[in-house]
Structure formats: C-alpha cells, structure tokens
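What follows is a short report on a single structure.
Readers should treat all values here as calculations from the given coordinates under stated rules, not as data from a laboratory. The structure presented is a predicted model; accordingly, all values stated were derived computationally and were not measured.
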Amino acid sequence: MKVTQIPFKNTGFFSTTMLDYLEEKDTIKSFYNNFPNITGFHNQIEEKEKSFRLQSRLVLVDALKNQYDSFEVSEKTQENIALLKLKNTFTITTGHQLNLFTGPLYFLYKIISAINLAEELAQKFPEKNFVPVYWMATEDHDFDEINYFNFEGKKVKWNREDGGAVGRFSTDGLEEVLNVFANQLGNSKNAKYLKELFSKGYLEHNNLADATRFIANDLFKEYGLVIIDGDDKDLKNLFIPFVKDELENGTSFKEVSKTILELEKNYKIQVNPREINLFYLGENSRERIIFEDGVYKVNNTVITFSKAEILKEVEVNPLAFSPNVIMRPLYQEIILPNLCYLGGGGEMAYWFELKRYFEKVEVPFPIMLLRNSVQVLSKKQQKKLNNLHISHEEMFSNQHELLSKKVIENSDIEVDFNEKIQFLENQFTDLKEVAKKTDVSFVNAVNAQEKKQIKGLENLQKRLLRAEKRRQNDLVERIVALQNEILPNQSLEERQRNFSEHYLEYGASFIEALKVSLKPLKLEFTILEM
C-alpha cells in the first residue's frame, strides 16, 4: 500500500467555494466560525461546553440506547454512548442519505474521516472525549436519489412506490435485489461476506433505517461509531422551541436570505430557504408546511391548523415536524454536543448559508470540514500510468486536454504553435502602434487581420493534433481506456462506484487501508495505491 496526497485544487473536481475555504480567503471568512485546525477546535470546545445542557445529554443517551435496543452493539460503541453523558465529551459528526447498500464510495470516506478525526483530537486534547457519529438522513423523502447503487458499471436498483420518510420504508422487495446482485458477485470469500451483509441488513430488518444501521454498524462497530436516527420523539422534544419559533417568526428564512445576499456576491448558492422550512410528517407522506390566508396548511393534503392549533400540535406530536435542508443542521446541533461536521463540497456550501441563522438562535455554529476524498489505484493501474508518463495530477485532467498533451509530448514533430501565436501577437502589437498614427479604418483592418491569422494558426494546430492522434492511435486508446477505468463517466470514482467493488477485490483490508490512510486535518486529496 502506498499513500500520496495532492492538493484538492489539483484534481479540478472541487468548487471555488471549497478551494477558497481551504485557503481561508477573506471573501468566505464571515460565513463560518472556527477553522478546522487545532486552535479552531480548542475554541470550539470552549464554546460548545458552555452552551450544551446536561439534560440534553441525558435525553440523547436514552434515545440512543432505545435505538440500539435490538442490535448487537460493540463494547467500544457502548462506551462511546455512555461517555456522551459527560460534559467533557463531544461528537464529530457526518451524515448521509440511506442509500441502498451505502450508495457511492464516499459513504465510507465520510465515516472513516469522522472516526479518524475523533481519534486525532483525543490525542491533542487528552482531558476530553470525542465520539464519531453517523447521522442517518431517515426523514429524507427523495427516494429516487437512494434506491440504487452502481456495481461494475451497472445499476442495482430497488423498484417500489415512493412516499414519506425513507427511514420508515418497509424493506419488502429487497430479496429480489439481492438475487440480482448476488449473481454478479461470484462465490469468493469476500463475495460471501457482501451477500451476507446485504441479506442480514435488508432481509432481517423491517425498515430502511434499521437496515442501514445494521450495515453501518457491522462495517464500523470496532471503531466505536455511534449511529443516530433523528426521527425520534424524545429528540424532537428538544427541538420544540425552535420549531415554534420557525412557525411564528420565520427566523430561518429571514436570516438565511440575508446571508445569501452577501454569499452570492462571490459564490454559487446551493439551496434557497422557504418561508417555513419544515415538513409535516405522516406515515406515508412528508409534505411542506405553508402559511396562507392566516392558516397553516400541509401541502397536497386537506390538513390545516390555526396558529394556536399548530403550536399545540408541536407540543403533543413533535415527531410530525420534520426539518428541511435549512433547519436539519440546526436540529443536529441542538441534540448533539457536536464540534465539527464533515461533509462534501455541496453540503458545506449550504452550511455556509446558515451561520447568521445559528447566531440569531444562539446555537454555536460547528467547525466545517471537507471530508477526505480518495482515488483508489491498483498496482496494475499505477504501472500503466507510469508507462504512459501520466502523473497523478494529469490523471484527473479533461480527457481531450490529456490526450492533446500526451500526443504532443510523444510526437517527433517539434512545432510549438503557442510560441508562434505569441510571436504573431507581438508583431501585431508593433503594427497597432503604427496604426494609431493613421485613421480608425486602418486600426480596424489591423485588428481583423490579427484575428484572422491567429485563427489560421489555431486551425493548423488542431489539424496537426488530429493527424498526430490518428498516427498515435495506440497511445490514444491506451490513455482513454485507462482514464475511463479510473474515472468512470469522467467523474471521481467515489461518486460513481459502490464500496462492494473494492471490497470484492481487497476484502476487509480495504477498510483497514482507508483507516490508516485518511488524515482529515491534512486538507488534501488522497491517492491510495493497493
């Protein structure tokens, strides 16, 4: 195993928002609290310790014990749950949808990043305890986003009717999915584990939340991972004051809207708030709450409430009030003694919209940390990269640009068109100075001729490149085949592949290698050669 780290920006796959954040640019500093370094964590610990109540800890621990009641819990996870009662214990949290069989590879990277960060902080702050937490997005209702995973270029899909919070979905129908998947796996030792994990997860549990908990617990229990389901009445009780504030005052809409006006001056806006950022959750539905004509309505239903009625409903039925993407982060920070949230670029971009809202409701805004990203390379793939003289940074290049560069490097023809274009531009610069001493028509003629001649050289450059690509067809095909293998659909593999592909090849050593390799506070992209 060989581990290499390169800057995130050298991959070309990360947004300006993320790159500016990693470089701590002034344009983004007002949208986050403490930066993810040891000084930042020291400050965050002080801030959270002062604000998080003992009663909240007790409710959290009881809720977790109830959620784990029918599960085999490792000693390390039991210890971590118990530690959450103590005022010197804090969480490091990541979250993810309930994707079928974990979905894309980065599910693993998120969780291992959280585990490794908790361990690193325990070394830096030995008088404190740090617990890694996986927040299951059980209340989501975007079933089309989670009902499949990719295996060796093919979709393994669960077909069923949509409706309501996905965590409550029955696991009926997943036996057929297992049969399809199992036929692709073979009968190796690693294949048998994957079949067993899928079978025990989905066929021995009644709903998607429990199935996902089983799978994540089985993969990470030895590291003490704590898995939490926010679709919980006791936890929702802690959120009641903030739900009432949202219904009465629309605080999130007001504060996030103000932030967006500032943030959009330099960055792309990820999500936009609604006037009420809550859903009403039924057994088979999750619909927006809207306020019209002095009445609170549940969209696409006949359910309505007066102001007094809906505030009473919050008290007696808190489980029915489900935060959307704007309020879910606040809910998380209310019920967890959390220091840091690890997420992908898209997640972090919408968190940056929330800082002013957190300040308004007087809840500490957590440290934001871009999760580890990984490119796995087999020894065979690395050897091919070496033979083709392709560096790790070049591996991530646009395919057309990569081919052009390598074909030129491999060519016997020594013609530098860029140099010739630059020479031509210099000649026209001198000619333009002369033209300025005449009339406008001559200046325009010089400019037109410059464009024409540069365009001509660029066309010749393209024709030469096409000719060289034809002549070096074998090289071109090898590069295309290798890059397509490494970057499926010209995208990072972590967004395309499921962990089962690598587990089938490497077994448990794959997770062990990730555990050793991922360094969350290094703030760099990881290349793992196995």
Task: Under-5 Å amide H pairs with N129, H placed in peptide plane, nonlocal only - done: T89, F90
Open item on the list: Can you work out the Karplus-derived ³J(HN,Hα) for every residue in region 203-218? Use 6.51 cos²θ - 1.76 cosθ + 1.60 with θ = phi - 60°, whole Hz, and x for glycine or proline.
Closed with: 8, 10, 10, 7, 9, 5, 5, 5, 5, 5, 4, 4, 5, 5, 5, 5
Open item on the list: For a 22 Å ceiling on Cα separation, which of these pairs sit above it: K355/K519; K384/K405; K155/K195; K355/K515; K48/K312; K2/K383?
Closed with: K355/K519; K355/K515; K48/K312
Open item on the list: I need the P(r) histogram for region 133-268: all alpha carbon pairs, bin width 10 Å from 0 out to the longest distance, whole percents.
Closed with: 10, 29, 29, 18, 12, 2
Task: Net length gained if the chain between E222 and H400 were fully extended (0.36 nm per residue, minus Cα distance) - done: 59.6 nm
Open item on the list: Suppose the chain between K85 and N387 were pulled fully straight at 0.36 nm per residue; how much longer would it get relative to their current alpha carbon spacing?
Closed with: 103.1 nm
Task: Pairs of alpha carbons in region 296-341 whose separation is greater than 15 Å (percent) - done: 58
- [ ] Excluding residues on the same chain fewer than 8 positions from K9, give the aspartates and glutamates whose Cα lies under 12 Å from its Cα.
- [x] D20, E23, E393, E524
Task: Which labelled figure in [x] 34, 28, 26; [y] 41, 26, 21; [z] 47, 32, 23 is semi-axes √(5λ) of the Cα gyration tensor in Å, once derived from the coordinates - done: [z]
- [ ] Quick one: give the max-minus-min coordinate of the C-alpha atoms of region 240-351 along each principal axis, largest first, in Å.
- [x] 41, 32, 25
- [ ] For region 262-270, take each phi angle, set θ = phi - 60°, evaluate the Karplus expression 6.51 cos²θ - 1.76 cosθ + 1.60, and give the result in whole Hz per residue in order, putting x for glycine and proline.
- [x] 7, 5, 6, 5, 10, 9, 6, 7, 8
- [ ] Enumerate the calculated ³J(HN,Hα) couplings along region 13-28 in order (Karplus 6.51 cos²θ - 1.76 cosθ + 1.60, θ = phi - 60°), each rounded to whole Hz, writing x wherever the residue is Gly or Pro.
- [x] 10, 10, 6, 4, 4, 5, 5, 5, 5, 4, 8, 6, 6, 4, 5, 10
